[in-house]
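Undergrad: Below are the structure tokens for one structure; questions will follow.
The numbers here are math on the coordinates, done by the rules we state, and not lab data. Model, not experiment: these values are computed from the prediction. Here Cβ is always computed from backbone atoms with ideal geometry, including for glycine, and neighbour counts include all displayed protein chains.
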Amino acid sequence: MRMWMVDPKIMCTQHLLGEHKEIHMFISVIRRGGNVTGFIENNELDVGQLCCRHEELVQEFKRRRFNHNSDLAVWDITWIVDHNPFTKDLKHKRINISESRSLLLTRCKKCYKLATELKPEVLE
């Protein structure tokens, strides 16, 4: 599971839908009081950006004319993050977007193609 945190426009459909699903999975784990510190420390989860990132992905869904039926209750997620002993002290740790983008574009030819066609500067 991971949050890429890159511009959703450069993400292929598989990665876009995958990150959306994984955000819901992270929220479920955090809601149950699960330990996600490994994901945070490994540059895979930014608990402080869960709701904002979800909204970014939803906006890209709309741009691509995908359906979306899994809204988040922002106040609920904020409360959960603040009260989970594994996330409350790490909610300000941010994902290294440059590192994440480099990893994504190395792993996925479709994302790389989108990035070079839509936003050549993301390769810099």
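Undergrad: Which FRET efficiency value, to the nearest 0.05, do you get for E99 and N35 by plugging their Cβ-Cβ distance into 1/(1 + (r/R0)^6) with R0 = 25 Å? Mind dumping the intermediate values first?
TA: Values: r = 23 Å, r/R0 = 0.92.
Efficiency for this residue pair is about 0.65.
Undergrad: When the helices in the chain are scored as -39500 (n - 2.57) per DSSP H run of 4 or longer and the sum is shared across all residues, what 222 nm value do you end up with, to the nearest 500 deg cm²/dmol?
TA: Values: 6 runs with 69 residues, N = 124.
Theoretical 222 nm ellipticity from helices: -17000 deg cm²/dmol.
Undergrad: Hey, another quick one. Nearest 0.05, what FRET efficiency do L118 and L17 give at R0 = 22 Å with Cβ-Cβ as r? Spell out each step's value before the answer.
TA: Working: r = 18 Å, r/R0 = 0.82.
Here the calculated transfer efficiency is 0.75.
Undergrad: Working from the pairwise distances between different alpha carbons, so that the mean of 1/r is found and then inverted, what is the chain's Kirkwood radius in Å? Could the numbers behind the result be given before it?
TA: Numbers: mean 1/r = 0.0671 Å⁻¹.
This gives a value of 14.9 Å.
Undergrad: Which pairs in the list K9/K62; K21/K88; K9/K113; K21/K113; K9/K110 are over 20 Å apart, alpha-carbon to alpha-carbon? Please report the intermediate quantities before stating the final value.
TA: Numbers: K9/K62 12 Å; K21/K88 22 Å; K9/K113 11 Å; K21/K113 23 Å; K9/K110 12 Å.
Those over the limit are K21/K88; K21/K113.
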